[in-house]
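The values are calculated or read from the model by the stated rules, or taken from the named source; none is laboratory data. These numbers come from a predicted model, not from an experiment. Positions of Cβ are backbone-derived with ideal geometry, glycine not excepted, and every protein chain shown enters the neighbour counts. Heads up: the accessible areas ignore ligands, DNA and RNA and are worked out on the full protein's heavy atoms, side chains in. Shrake-Rupley method; radii C 1.70, N 1.55, O 1.52, S 1.80 Å.
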Amino acid sequence: MINYNEAIEIIKSEISKIKLHSEEVDIFESYNRILAEDVIADVDLPPFNNSAVDGYAIKFSDKTQWEIIGEISAGNFNSFNITEEVAVLITTGSKIPVGADTIIPVEDVDVESNILKLKENAFIKKGMNIRTQGNDLRKNEIAIKQFTKIDSKSIAVLASCGKEKVKVYSKLKCALFATGDELIPINEKPSEDKFRVSNIYSLYAAMKEMNHTVINLGFTKDDKEMIRRKVEAAFEMNIDMLITTGGVSVGKYDFLKEIFEEQGVKEKFWKVNIKPGKPIYFGVYEKDERRILVFGLPGNPVSSLVNFYVFIKPSIEFLFKQNRIDKLTATLQNDLKKKDGKRHFSRGILYQENDELKVTSEFSQSSGNLVEMSRANCLIEIEDDRLNPKKGERVKCILI
Ligand code: AMP
Ligand code: MG
């Protein structure tokens, strides 16, 4: 059986063959999308020398008193010629008049009619409080790099560069369905031996959190013919990925692997030495121009979501060159049991106390316990060869 690192390398190598497309969107729609080009500044930023404070513009000398000859407010420039004897009232963001090289903040002066006086202990320095043209960025330089995920910080730079339309990568398209005779729709009350189909909702949301497109194909019984029809329907679609759940273990009614093979999917791996989520299947379907990555995840809702977090999500981030910090090292607050050579992803709660990151993991760690999973905020990653980490040891936590 391959290990986690080998599996993730295989997925990365296949996912990087996806041809990325781009599209133009309105700047307001660009939030959380990934920039498909370097954005170049079309002007200097800031575009002109301007005042960083509300104050008085002067020409620096050893004088401490000036005659006020007028005012300039932001956006309402008046031209003046500033000599050593005169000053102009100026507000933050106003263009600096000719001759002025220094702005004295209003707090540092006294004004009597039209006479400006520097306060006793005020200190002035030539050039102070002027934001110079192009100081933030020069025209024709790169303002934001390709592959930046647009957020509230970077969108202001796009706006300052006049980008009403933004070229972003098209979202990936992913189809999703679940399998299992035990599944019922969520609007029904489980009776006897049935479960509400919960994992299509978690996987749907997980793809949405990454801002990609998901097509929900619902669920089907563990019936070969019905599953085959679902798979065929998915492969007719213009999708980059198919995610299925259930039916990839070694149970009598685990048909998915067989059906994928029959449909021409090339298996890249089946089963990885991890816990939970060991039965994961990964293959690639290629026909004509279509190339679809196929992820057959186990049905167990915790396992399938952990699989998403540790295989699918990092691979998509790799494809779009996202270098988010999503692994933190924390001090374990309780002993963990791990006796095998698998890589474990245990549910944990990460928190900060006295400037130290700590993580507790006092869950049952049963892969059936969905509610427990919903209360966790990280997965504690315990490397393959590490055994029984003890309270006080440092462990890697993946934020979820
Ligand atoms: P499987 O991987 O098909 O053997 O499924 C393992 C267990 O996970 C099943 O017995 C169900 O309890 C549960 N399960 C499977 N599929 C789903 C699903 N789509 N939603 C919720 N629970 C599921
Ligand atoms: Mg099943």
Could you please tell me which pairs satisfy a Cβ distance under 7 Å, a separation of 6+ or placement on different chains, a first residue in the stretch 103-125 that is farther than 11 Å from residue 66 by Cα, and a second residue that is at pLDDT 95 or above and polar (S, T, N, Q)? 103/51; 103/129; 105/129; 124/102
Give me the residue from the stretch 191-209 that is more than 18 Å from the chain's Cα centre (by Cα) and of a type in the set (A, V, I, L, M) and, out of that set, farthest from ligand 1 (Cβ to nearest atom). 200
Anything in the stretch 239-294 that is more than 30 Å from residue 21 (Cβ to Cβ), open to solvent by 20 Å² or more (accessible area, probe 1.4 Å) and in contact with a Phe, Trp or Tyr (Cβ under 9 Å, 6 or more places away or on another chain)? List them, or say none. 257, 270, 271, 273, 275, 279
Residue satisfying all of: in the stretch 316-341; in contact with a Ser or Thr (Cβ under 9 Å, 6 or more places away or on another chain) and outside any loop (DSSP other than H, G, I, E, B); farthest from residue 10 (Cα to Cα) among these: 332
How many of the residues making up the stretch 342-390 are of a type outside the set (S, T, N, Q) and in a strand (DSSP E or B)? 18
Going through (1) open to solvent by 80 Å² or more (accessible area, probe 1.4 Å); (2) within 15 Å of ligand 2 (Cβ to nearest atom); (3) without any contact (Cβ under 8 Å) to a residue 40 or more places away in the chain one by one, residue 194 fails only at (1)
What number of residues within the stretch 144-164 are out of contact with any Ser or Thr (no Cβ under 6 Å at 6 or more places or on another chain) and either of a type in the set (Gly, Ala, Ser) or surrounded by 13 or more Cβ atoms within 10 Å (Cβ to Cβ) (or both)? 13
Can we say residue 102 is β-branched (Val, Ile, Thr) and surrounded by fewer than 18 Cβ atoms within 10 Å (Cβ to Cβ)? no
Output the residue which, of all residues in the stretch 228-238 that are more than 14 Å from ligand 1 (Cβ to nearest atom) and open to solvent by 40 Å² or more (accessible area, probe 1.4 Å), is nearest to the chain's Cα centre (by Cα). 238
Among the residues that make up the stretch 269-281, is at least one of them in contact with a Leu (Cβ under 6 Å, 6 or more places away or on another chain), outside any loop (DSSP other than H, G, I, E, B) and more than 16 Å from ligand 2 (Cβ to nearest atom)? no
Select from the stretch 207-221 the residues that are open to solvent by 30 Å² or more (accessible area, probe 1.4 Å) and within 16 Å of ligand 2 (Cβ to nearest atom) and write down the one among them that is nearest to residue 186 (Cα to Cα). 219
Quick check on my filter: what residues within the stretch 223-249 are among the aliphatic types (A, V, I, L, M) and within 16 Å of ligand 2 (Cβ to nearest atom)? 226, 227, 231, 243, 248
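Table: residues versus (1) under 15 Å from the mean Cα position of the chain (by Cα); (2) under 17 Å from residue 3 (Cβ atoms); (3) modelled with pLDDT under 95.
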{"position": "296", "(1), (2), (3)": "no, no, no"}
{"position": "307", "(1), (2), (3)": "no, yes, no"}
{"position": "315", "(1), (2), (3)": "yes, yes, no"}
{"position": "328", "(1), (2), (3)": "no, no, no"}
{"position": "335", "(1), (2), (3)": "no, no, no"}
{"position": "345", "(1), (2), (3)": "no, yes, no"}
{"position": "348", "(1), (2), (3)": "no, no, no"}
Mind checking which residues of the stretch 43-97 are part of a strand (DSSP E or B), within 26 Å of residue 161 (Cβ to Cβ) and open to solvent by 20 Å² or more (accessible area, probe 1.4 Å)? 45, 73, 76, 95
Here is a check on your reading of the model: is residue 186 part of a loop (DSSP other than H, G, I, E, B), open to solvent by less than 40 Å² (accessible area, probe 1.4 Å) and either of a type outside the set (Asp, Glu) or touching a Phe, Trp or Tyr at 6+ places or on another chain (Cβ under 8 Å) (or both)? no
Have a look at 311, 318 and point out the one that is buried (at least 19 other Cβ atoms within 10 Å of the Cβ) and not basic (Lys, Arg). 311
What single numbered condition from (1) part of a strand (DSSP E or B); (2) of a type in the set (A, V, I, L, M, F, W, C); (3) in contact with a helix residue (DSSP H, G or I) (Cβ under 8 Å, 6 or more places away or on another chain) fails to hold for residue 25? (3)
Kindly provide the set of residues from the stretch 115-129 that are surrounded by 12 or more Cβ atoms within 10 Å (Cβ to Cβ) and outside any strand (DSSP E or B), ordered by number. 119, 122, 124, 128, 129
